[in-house]
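See below for the structure under consideration.
Every read-out reported here was derived from the displayed coordinates using simple, explicitly stated rules and does not represent laboratory data. Please read all numbers here as calculations on a predicted model, not as lab measurements. In this analysis, Cβ positions are derived from the backbone assuming ideal geometry, glycine residues included, and neighbour counts consider all displayed protein chains.
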Amino acid sequence: MSVLETWIVRFYIGVILIWPIRWVVLRFVLGRTRFLTTASAKLDGPEFPRVSAVIPAKDEEATLDECLTAVRSQDYPNLEILVVDDRSDDDTLAIARRHESLDDRVRVVQNDRLPPGWTGKTYVLHKHAPLTDGEWLWFLDADTKHEPLFLKVMLRYALDNDAALVSLLPELKCETFWEQVVQPLAGIVLMQSFQPSRINDDSSKLAFANGQSILVASKAYAAAGGHRAVRDRFVEDIGLATKVKALGLPIRLAIAKGLVSCRMYASLGQLVRGWSRILYDALDRSPTRLVLKLLDPIIFSQSGHLALAIALGLLATGRGGPFAYWLLGLSLLHHALMYAVFHLIYNVSVPGSRYVATFPLGNLLTDYILIRAIRMCFTGKVAWRGTSYDANLSRTRDDAADEADELETAGR
């Protein structure tokens, strides 16, 4: 081999060696991460604190019925359920009204506006959470399904840890090919920046919560400023957790197994738009942080795909030689090591996934998602659920609208 080829092989070996290190680190992290299941310790009576479930719903006809059925089935005696229809154009309101007619714990209200300076979900929760009276607020998305023991397990987890806010990483329901391919990898891009062990460390400032299902003490929620304090965020869950932890109050994050599941997105287009929005805001709308996230898979994952293609190309054209065989052997080892790591990742997000071998395609799609998120940093344009936002304008204040909302809230 030439000097250049020798240096390429040495550099590539260095890239490959990151993968056994990642496997060991990931096994260690998973070993220290708390898993909550239906067999976990549960809150036991005789007194159960009042819990108020608040479910924002915009065009959720595909999932709301199953979500509300599961919430109403909670094995918990002191629960109220508030559903907020947020300007839906489908049968969301009709589904919510049907559940209201069947269960006197369910109330349905409608939201008819989005003031300047707010993202849709933050305004809905800010305006309507005060309609409830629970000691704990349970904010959950309409695309989740919770097992009947969920509340008893979560409240016991919160109280045992003296936590003011707890949330879970749910099992992902992936019903299409693209969901199976993209969801686990997009999720790991996010969680690389929010390691559960640091989230659960009271001495660390790092905070995270998953808005698909958050349980927060009402007093802590009010002290943190509620959703007003995160009004311009597209990932208000992380923002709210940061505000709560900044007060010196403990927060906790656990991984759920068999306790709650969620189907985030049903199509490739939704996956791309949704994860672009999440990563854009979760990483502080910073192009630098997003570029670094993009370089990671390019250097450490896609280099393996490129090396394999080059090796096969050289051998196919008869220009193999030692360099081509070295490259082929190393690329096959690279893919085997990547598969071992991605098998852990896929299995945590989607237990029993049969799509681990599709990770090269997933890598390419997460690249595209990150590129879209980087572009958002410069355009400031975000579109989600039929609403277009200007991220720069969303940071402005509309004091007149705020004052009117405060007077309306105070009058209720």
Would you look at the GNM of the chain, springs on alpha carbons closer than 10 Å, and say which of PHE11, PHE378, PHE323 moves the most?
PHE11
For the chain, the longest principal axis of the Cα atoms and the Cα long axis of helix 92-102 enclose an angle in degrees, to the nearest 10, of 50 degrees
A chain fully extended from ARG105 to PHE48 at 0.36 nm per residue, minus the present Cα-Cα distance, gains in nm 18.9 nm
Test of understanding: extend the Cα→C-beta vector of LEU131 to 7 Å, then name every residue of region 63-89 with backbone N under 16 Å from that spot.
80-88
Give, in nm to one decimal, the length gained when the segment between ALA340 and THR38 is fully stretched (0.36 nm per residue of separation minus the Cα-Cα distance).
105.9 nm
Ordered by fewest other Cβ atoms within 10 Å, a rough proxy for footprinting exposure, GLU66, GLU171 read GLU66, GLU171
Only bridges whose two residues both fall in region 162-266 count here: according to DSSP, what percent of them are antiparallel, nearest 5?
30 percent
Could you name the lysines whose alpha carbon sits less than 21 Å from that of LYS152, not counting residues in the same chain fewer than 8 places away?
LYS42, LYS219, LYS257
In degrees between 0 and 90, to the nearest 10, how far off the longest principal axis of the chain does helix 268-282 point, with axes built from Cα atoms?
80 degrees
Rounded to the nearest 10 degrees, the helix 321-349 long axis (Cα) sits at an angle to the longest Cα principal axis of the chain of 20 degrees
To the nearest Å, what is the center-to-center distance of region 225-302 and region 313-346, using C-alpha atoms only?
33 Å
When we measure straight from the Cα of LYS58, which aspartates and glutamates land under 13 angstrom away, once same-chain ones fewer than 8 places off are left out?
ASP85, ASP86, ASP89, ASP90, ASP91, ASP112, ASP141, ASP143
Say we join alpha carbon atoms closer than 10 Å with springs in a Gaussian network model of the chain; which of LEU125, LEU330, LEU279 then has the biggest fluctuation?
LEU330
Which of the following values of Cα extents along the principal axes in Å was calculated from the structure shown: (1) 80, 46, 42; (2) 62, 53, 44; (3) 104, 50, 41?
(1)
